[in-house]
Amino acid sequence: MKLDLRDRENIMVISPEQAISKEDIDGLVAAMNGYINEYDKVPSLVIKTDSAPMWDSFDALKSHLSFVHDRHKIVPKVAFVTDSVLLSLARPLADVFTAAKIRRFKSEALEDALNWAAMEEDHPGAITQMEGFPRDVIALRFSGLITSQDYSNSLVPLIDEAAKEHDKLKLLCVLDQYFDGYSAGAVWDDMRFGFSHFTTFSKLALVTDIDWIRKSAKLFGGLMPTEVMVFDNDEFEDAKAWIRT
């Protein structure tokens, strides 16, 4: 296991290279404790791995779980840089059991992960309209933590104004690696928005790699009078072509 401590950015980059041993975890604990004692601050973690890490013994697993238990309340952020599907599916569970802010980045987005981990705060929530689309297409990028205020101040006025000009609209929504999630109030507003615009849209293109959002869209899409298509993040150009037709 490689450890790269970067005091200027206050991050520790962890790169497991083989099955994790108890000695690896002991070294990780010693390195983190030494860093905290020297700089009087707790680093965020960037974990770069090609696959979900395994352990070479039960003692290694116990040591790893003990490390997480002892530090999950003080580590500010954990960024997983991986294309592993297993780690992607494990993120919602980790969000429940750890206090650290967790995000997953694809392997090619290492710099994005490092920049995010180094920031003291998360990106504020924003719903941004993308340019270059026909007037009946509303193309939106969701980033940061979306709150109820983002819906009331950005999304609802935008859709209401566009609906005055067109009988039917088309909606393209991008929720990529810069999207952190919804607040509880925003979840409720999202439901109300969907019901109030049940017949407003003829087509909806959703671009995201977030598994639970993809599954929800496919489940509820069949109940809507709207043609719904779900695309991976790397299929953004396909989504743009589809929503224009």
Task: Note, ³J(HN,Hα) from phi for the stretch 4-11, Karplus 6.51, -1.76, 1.60, rounded to Hz, x at Gly and Pro - done: 10, 8, 10, 5, 4, 8, 6, 9
TODO: Could you list which residues have their amide H under 5 Å from that of Ala139, counting only those 5 or more apart in sequence or on another chain, with H placed in the peptide plane?
DONE: Met130, Leu172
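Just how large is the dipole of the stretch 150-216 about the Cα centre, in debye to the nearest 20, putting +1 at every Lys and Arg Cβ and -1 at every Asp and Glu Cβ? Provide the component values of the computation, followed by the final result.
Working: 7 positive and 11 negative charges, 65 e Å.
With Lys and Arg at +1 and Asp and Glu at -1, about 320 debye.
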- [ ] Evaluate Rg over Rh across the chain, taking Cα atoms for both radii and Kirkwood's formula for Rh.
- [x] 1.04
Open item on the list: If DNA, RNA and ligands are ignored and the probe is 1.4 Å, what is the ranking of Thr82, Thr199 by accessible area, most exposed first?
Closed with: Thr199, Thr82
Task: Dipole of the chain, positive end: most advanced residue of Ala186, Val42, Met119 [Cβ charges, Cα centre] - done: Ala186
Open item on the list: Given a 1.4 Å probe and heavy atoms of the protein chains only, how would you sort Leu158, Leu65, Leu114, largest accessible area at the top?
Closed with: Leu65, Leu158, Leu114
Open item on the list: How much length would be gained if the chain were fully extended between Arg244 and Phe133, taking 0.36 nm per residue of separation minus their Cα-Cα distance, in nm to one decimal?
Closed with: 39.2 nm
Open item on the list: Taking R0 as 35 Å, what FRET efficiency do you get between Thr199 and Asn233 from their Cβ-Cβ distance, rounded to the nearest 0.05?
Closed with: 0.75
Task: Arg104 accessible area, 1.4 Å probe, all protein chains in place, Å² to nearest 10 - done: 50
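Which percent of the accessible heavy-atom area of the chain goes to carbon and sulfur, probe 1.4 angstrom?
Result for the chain: 55 percent of the exposed heavy-atom area is carbon or sulfur.
First measure r as the distance between the Cβ atoms of Leu110 and Asp167, then evaluate 1/(1 + (r/R0)^6) with R0 = 41 Å and state the FRET efficiency to the nearest 0.05. Present the calculation step by step, with values, prior to reporting the outcome.
Working: r = 46 Å, r/R0 = 1.11.
In this case the efficiency is close to 0.35.
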Task: Residue among Ser21, Leu219, Ala109 farthest towards the positive dipole end of the chain, charges placed on Cβ - done: Leu219
Task: Gained length - Asp190 relative to Leu61, 0.36 nm times residue gap less alpha-carbon distance - done: 42.4 nm
- [ ] Only residues of the stretch 42-62 count here: report those whose backbone N is under 18 Å from the spot 7 Å along Cα→Cβ of Val29, or say none.
- [x] 43, 55-62
TODO: Using a cut-off of 15 Å between beta-carbons, work out the net charge of the residues near Pro134 (Lys and Arg +1, Asp and Glu -1, Pro134 not included).
DONE: +2
Open item on the list: Net charge around Met229, counting only other residues with Cβ within less than 13 Å of its Cβ (Lys, Arg = +1; Asp, Glu = -1)?
Closed with: +2
Task: Surface accessible to a 1.4 Å probe, Glu9 within the full protein complex, Å² - done: 80
- [ ] Work from the charge dipole of the chain (Cβ charges, +1 for Lys and Arg, -1 for Asp and Glu, about the Cα centre) and give the residue of Ala162, Phe142, Thr82 farthest towards its positive end.
- [x] Ala162
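Taking the Cβ-Cβ separation of His69 and Asn153 as r and a Förster radius of 35 Å, what is the calculated FRET efficiency to the nearest 0.05? Write down the numbers at each step before the final one.
Values: r = 40 Å, r/R0 = 1.14.
It comes out at approximately 0.30.
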Open item on the list: Apply the Karplus curve 6.51 cos²θ - 1.76 cosθ + 1.60, θ = phi - 60°, to the phi angles in the stretch 62-73 and return the couplings in whole Hz, x for Gly and Pro.
Closed with: 4, 5, 5, 5, 5, 4, 5, 4, 6, 10, 5, 8
Open item on the list: Probe radius 1.4 Å, ligands and nucleic acids left out: which of Trp212, Trp55, Trp242, Trp116 has the largest accessible area, and how do the rest follow?
Closed with: Trp212, Trp55, Trp242, Trp116
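Taking the solvent-accessible surface of protein heavy atoms with a 1.4 Å probe, what is the per residue accessible area of the chain in Å²? Please list the in-between numbers first.
Working: 13510 Å² over 245 residues.
Accessible surface, normalised per residue, equals 55 Å².
The values are calculated or read from the model by the stated rules, or taken from the named source; none is laboratory data. Since the structure is predicted, the reported quantities are computational estimates derived from the model, not experimental observations. Using ideal geometry, Cβ is built from the backbone for each residue, glycine included, and neighbour counts are taken over all protein chains shown. We work out accessible area using only protein heavy atoms, side chains counted, and drop any ligands, DNA or RNA first. Shrake-Rupley method; radii C 1.70, N 1.55, O 1.52, S 1.80 Å.
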